[in-house]
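Peer 1: First the structure, which I've put down as structure tokens, then a few questions once you've had a look.
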Amino acid sequence: MLVVCYDISDDKLRLRLSKWLEKSGGIRLQYSVFEFSYSTRILENIKIRIESDFAKKFGGGDSVFIFETNKQKAIKYGNAIHRDQDLLYFT
């Protein structure tokens, strides 16, 4: 699992990043925190896009963190625990 979180002061840049993360398959956990299924390709795509399109425009206090973690070792509470459970549909 990948977790991407950010603190960006510029409203337009922050909105662009959040929309891109959602379109890229990220699940919003909190306002500025997204979760992705882990793959090397997804991680590389995120890093390349942030470096090429966003990092150049960051102010001195802006930051983006990308965390890798093993899904089985992650501890979740509340609504977050339901994303890892299988769904059962009745038709």
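Each reported figure results from applying straightforward, stated rules to the coordinates on display, with no laboratory input. Quick caveat: nothing in here was measured; it's all calculated off a predicted structure. Virtual Cβ from ideal backbone geometry, glycine too; neighbours counted across all protein chains shown.
Peer 1: Fewest Cβ neighbours within 10 Å first, please rank Y6, Y31 accordingly. Show your work: numbers first, answer last.
Peer 2: Values: Y6 21, Y31 9.
Listed from fewest to most nearby Cβ atoms, that is Y31, Y6.
Peer 1: Between (1) 2.64; (2) 1.04; (3) 1.20, which entry matches Cα Rg over 2.2 N^0.38 Å as derived from the coordinates of this structure?
Peer 2: Here Cα Rg over 2.2 N^0.38 Å agrees with entry (3).
Peer 1: Ranking R49, R28 by Cβ neighbours within 10 Å, fewest first, what do you get? Could you put the intermediate results ahead of the total?
Peer 2: Working: R49 15, R28 12.
Fewest-to-most Cβ neighbours within 10 Å comes out as R28, R49.
Peer 1: For a footprinting-style exposure proxy, rank D7, D62 by other Cβ within 10 Å, fewest first. Don't jump to the answer; show the numbers that get you there.
Peer 2: On the way: D7 11, D62 17.
With the fewest neighbours first, D7, D62 line up as D7, D62.
Peer 1: Which entries of K12/K47; K12/K76; K12/K73 show an alpha-carbon separation above 27 angstrom in the structure shown?
Peer 2: On the way: K12/K47 20 Å; K12/K76 31 Å; K12/K73 35 Å.
Correct reply: K12/K76; K12/K73.
Peer 1: Follow-up question, since we're still on this one. Along the Cα→Cβ direction, 7 angstrom out, place labels at N70 and L43. What is the inter-label distance in nm?
Peer 2: 1.4
Peer 1: Using only helices, what value at 222 nm comes out for the chain when you add -39,500 (n - 2.57) per DSSP H run of length 4 or more and divide by the total residues, to the nearest 500 deg cm²/dmol?
Peer 2: Numbers: 2 runs with 23 residues, N = 91.
Helices in the chain give a 222 nm mean residue ellipticity of -8000 deg cm²/dmol.
Peer 1: Hey, what angle do you get for helix 11-23 against the long axis of the chain, alpha-carbon based, 0 to 90 degrees rounded to 10?
Peer 2: The helix 11-23 is inclined about 40 degrees to the chain.
Peer 1: Further question on the same structure: Test of understanding: what is the full-extension gain from V33 to S9, defined as 0.36 nm times their sequence separation minus their Cα-Cα distance?
Peer 2: Working: separation 24, 0.36 × 24 = 8.64 nm, distance 1.50 nm.
Result: 7.1 nm gained on full extension.
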